[in-house]
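What follows is one structure encoded as structure tokens, with my remarks underneath.
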Amino acid sequence: MEEDDVEKAVMAYLKKKGFKATELALQEEQSRNSSSSASKTDPDIAKQILSFAESENGPTRYHDGYSKLRSWTYSSLDLYKHELLRVLYPVFIHCFMDLVAKGYSQEARTFFNSFREDHELMHLRDLQKLEGVLCPSHLEEMEFAHSLRQSKVNIKICQYSYELLLQYLHKTQSITMLGIINEHINFQVSPGQPSSISDDADAVILVGSSQDAAKQINEKEIHWGLLEDSVEDRLEKAGALMSDSEKIEGEKEVDLDENKKRSVDGGKQGSSVKKLKKDKIVGTTGKNVRSETNTVSMAPRVKPELTLPVLSTEVEHSILEDLRNRVQLGSAALPSVCFYTFLNTHNGLNCSSISHDGSLVAGGFSDSSLKVWDMAKIGQSTVQGENGTPTEQLSGSENGRRSYTLLQGHAGPVYSATFSPLGDFILSSSSDSTIRLWSTKLNANLVCYKGHNYPVWDVQFSPMGHYFASCSHDRTARIWSMDRIQPLRIMAGHLSDVDCVQWHANCNYIATGSSDKTVRLWDVQSGECVRIFIGHRSMVLSLAMSPDGRYMASGDEDGTIMMWDLSSGRCITPLMGHTSCVWTLDFSGEGSLLASGSADCTVKLWDVTSSTKALKLDEKAGTTNRLRSLKALPTKSSPVYSVRCFGRSSLEGIFCLLLECSPKVHDR
């Protein structure tokens, strides 16, 4: 047996397993010994090494090794079983990809089909993507598979479970499984008892980008506050002066009232004193409400990075009036809710949107049309549409019918629609890879924006209007302005479809949710990713920003909602309650409540303010808590598509508007 063959086999093994330091040390040793006479190698040892190298490359080693590891894991003690089961999925996908990389396509397919049922519940989306990997070239061409092979999985496990796994690998001498675990898994071992099964969502992090890269990105500084010299800022500055002046005027009025009451008889004086006490009580409660609102909305001020449009005087006055009359919501003061339902859509409705003042509702349909309803005309008689067919019904409390405005121009299903802050424009996105701008006053298409290469899943106006963001199947998000037909910025970094997009309150950032199970925060000026939020176990479908810009909520396909702190990039708490896709999220005007709408035919209201305060206390105490659900509002049998919260002077008005409709279908 030639010594060169043995050295080649050893070098090939070290290179395959990624033992670079050992490989370099062996090369140095070979170079030092090259000048001296080569020693004879024991034939038995040489045979053993070569047979080991050959058996290591055999496809049956993967199937047998994984099958034995799986059987041992499922037969482990229940106390440690759920931690050991976390190892199986990354080992499974890397066994499959290693078989494909070595050219054993048929054996890889057999292995994949034999064990895929174990992981379909938690990782169905990943398995559907990897199912298309049929040859070694696919591993390089598919970015998702390529990134998995280049990165490691972080798994949280207790010390005893870790020792049990090492003992099994040592006892069975399963070199193939040991190599995969060493190369692709990073264990985060913790002392003490095993973690609970409920923590499994955070225990395994399997993403394309490595955890170290995410940590480096999350160390970047961001400014989450509100804009300087905004309407809210001016109201807060004027609020102190107004409160002082109101206080002086109130004291003068009390003195005048007392002087008048002294000149009246005793009976009338008694009634006036009662009235005076009542007024004082009302005044006190009013001040408490305003002080709470100011406390919640107090946030640092930042400068805008974009040139923002100037608001008209009328718009500023309406915003100021709304802010002055805003009511502090909570468990003791829940909003009133109004439902509107799309009927007889025949699975043709893909999206819906509500204008900021609640006066208009838009729906995007699979027949490439966009339809707009005026809420003030509910109950009017039905107008015959094209070819003599009646219009769709949008029924409210009166179950009436009314006409709609038909907007046509797209060449494919409409997947998203959004109103401008003033309601004078609508943006729509479609599978034809375009975005269209419509005028609600002219009922006509104004601009067609082209830039994406594939279907555009979502589009959103900025809080100040003029700018908007879009996201697409091409795995990018883009920033646009109404007066330019080309995008201003392109945000690339997600490993799969970008399904939803949302603006930050100060217009300096946008957030994107993706099918790669991550949420990213982007700087609109530089186009750089400044935060990566990792924790979802399925595709992210909806996003919402808190009014003060500090928190973000994201909802996924499994029904989980996660609340994030933008400054730290950490998940504050998961919101568990929905049993199906969370399609829509929205914060109340003062930020104390979060409303969520789901395909499970419910709307849930969550207490944000008290829960975040409790979480801060719990973090100091070392315990965990979850966001408190205030109320669940079930529909009859319709999934909830859109939720919009409105600020009103009283809770008797429409605060929350929800749309129910037929199931949503994406033609991907």
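General remarks:
- Ranked by solvent-accessible area (1.4 Å probe, protein heavy atoms only, all chains present), the residues Lys156, Lys15 order from largest to smallest as Lys15, Lys156.
- Rolling a 1.4 Å probe over the protein chains gives Glu143 an accessible area of about 80 Å².
- Using a cut-off of 24 Å between Cα atoms, the listed pairs Lys20/Lys152; Lys15/Lys102; Lys16/Lys215; Lys102/Lys215 include Lys16/Lys215; Lys102/Lys215 as exceeding that distance.
- Inter-part distance, the stretch 431-465 to the stretch 6-25, computed on C-alpha centroids, equals 55 Å.
- Taking all protein chains as shown and a probe of 1.4 angstrom, Ser71 keeps an accessible surface of around 70 Å².
- Charge tally in the Cβ shell below 14 Å around Glu143, where Lys, Arg are +1 and Asp, Glu are -1, Glu143 excluded: -3
- Restricting the calculation to Cα atoms, the stretch 73-187 shows an Rg/Rh of 0.97 when the hydrodynamic-style radius is the Kirkwood one.
- Solvent-accessible surface (1.4 angstrom probe) belonging to Trp522, in square angstrom, nearest 10: 10
- Sites listed here are trypsin sites (Lys or Arg not before Pro) in the stretch 413-456 whose DSSP assignment is loop and whose Cβ has at most 16 other Cβ atoms within 10 Å: Lys441.
- In units of the compact-protein estimate 2.2 N^0.38 Å, the stretch 464-528 shows a Cα radius of gyration of 1.03.
The values are calculated or read from the model by the stated rules, or taken from the named source; none is laboratory data. Given the structure is predicted, the values throughout are model-derived calculations rather than measurements. All Cβ positions, glycine included, derive from the backbone under ideal geometry; neighbour counts span all protein chains shown. The accessibility values were calculated without ligands, DNA or RNA, using every heavy atom of the protein model including side chains. Shrake-Rupley method; radii C 1.70, N 1.55, O 1.52, S 1.80 Å.
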